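See below for the structure under consideration.
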Amino acid sequence: MTDDLAGAIAAIPLVHRVVLLDETGSTNDDARRLAQEGAPDGTVVLARSQRAGRGRLGRFWHSPGGTGLYLSILLRPEEPLDRVGRYALVAAVAAVETCRAAGAMGARIKWPNDILVAEGKLAGILAELRSGGPAAELVLGFGVNLRTPDGGFPEEIATRATSLAAVSGADVGRAGTAVALVRAIDLWVGRLRAGAWDEVRSAFVSYAPGVTGSAVTLHGGRRGVTCGLDVSGALRVDTGDGVHLVHGGESVAAWGS
Ligand code: BTN
């Protein structure tokens, strides 16, 4: 099964290396280390469990074996740095389509890249960028809740976490979901790299109802209404005295200069 899974992922055109692990600290950390060792664009790291899974804003990502998908992909974008944020949107579109195809028909994106059903979080993405060297290194890390753990999610996330199995009523396999997710990443990264940014943006907006017409409060207390995404992937917020851009800074955190 392990060979089958590695083979199925390796057969996806974007993928140039596959690392399957039983247990690790964090697949994002593994992908970052591999990046610094020269691993190619399209390196995928997949683990059954993580001891130190990381979420956005320094949060812990609960990563037990048997109930979740923990997958990171290293990309080496060649676009100007102010366009690299588009990959975080691509990641969210790929994740939401994977969740919908697995039976979570009502899955949607909460900007910048949480995947929710109603208010329950199904999946999250941690995008990390290193831009100091000759070429940027971008790691997109996906955590998908496949099944609700026996005994439930830990107390601190229990009220806001859900799983694909809970939402779809079906038992969702890790290997099949991993392959489907990497295929979706391949499709949308391919579109982005072929110049179809408008298609990426339209798909994101169609899955993320909150990015148009939602009342939001900006840092500093200013209120406004969301009005889509700009060319860099930033959220546009109309405050009445102009349009302010909110960058997914917390979604594309730098890990080096
Ligand atoms: C979030 O919603 O806060 C993002 C969660 C991202 C979790 C995934 S699991 C695979 C990869 N490895 C990590 O340590 N984090 C990401």
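Summary table
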read-out	value
Equivalent ellipsoid semi-axes, segment 70-191, via Cα gyration tensor eigenvalues times 5, rooted, Å	27, 15, 12
Separation of the A6 and A118 label points, Cα + 7 Å toward Cβ, nm	4.2
Order of H244, H62 - criterion: other Cβ atoms within 10 Å of each residue's Cβ, fewest first	H244, H62
Dipole magnitude (debye, nearest 20) for the chain, charges at Cβ of Lys, Arg, Asp, Glu	320
Residues F60 and L20, FRET efficiency given R0 of 30 Å [Cβ-Cβ distance, rounded to 0.05]	0.80
Restricting segment 140-209 to GluC sites (Glu not before Pro) in coil, as DSSP defines it, with at most 11 other Cβ within 10 Å	none
Segment 28-142 - Kirkwood radius from inverse mean 1/r over Cα pairs (Å)	14.8
Estimated translational D of segment 2-207 in µm²/s (Stokes, Kirkwood radius over Cα pairs; 4 °C; 1.567 mPa s)	77
Normalised contact order of the chain, rounded percent, pairs of Cα under 8 Å and 6 or more residues apart	19
Whole-angstrom Cα spans of segment 149-226 along principal axes, big to small	42, 38, 20
Contour minus Cα-Cα distance for L218 and M105 (0.36 nm per residue)	37.6 nm
Extension gain from A196 to E79, taking 0.36 nm per residue of separation minus the Cα-Cα distance	40.8 nm
Sorted by Cβ density within 10 Å, fewest first, the residues F60, F142, F204	F60, F204, F142
DSSP H segments from the chain that extend 24 Å or more along their own axis, Cα-based, with Kyte-Doolittle mean of -1.0 or above	174-193
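Read-outs: derived from the displayed coordinates by stated rules, not from any lab. It should be emphasised that the depicted structure is a prediction, and the values quoted were computed from it without experimental measurement. Neighbour counts run over all protein chains shown; Cβ positions are idealised from the backbone, glycine included.
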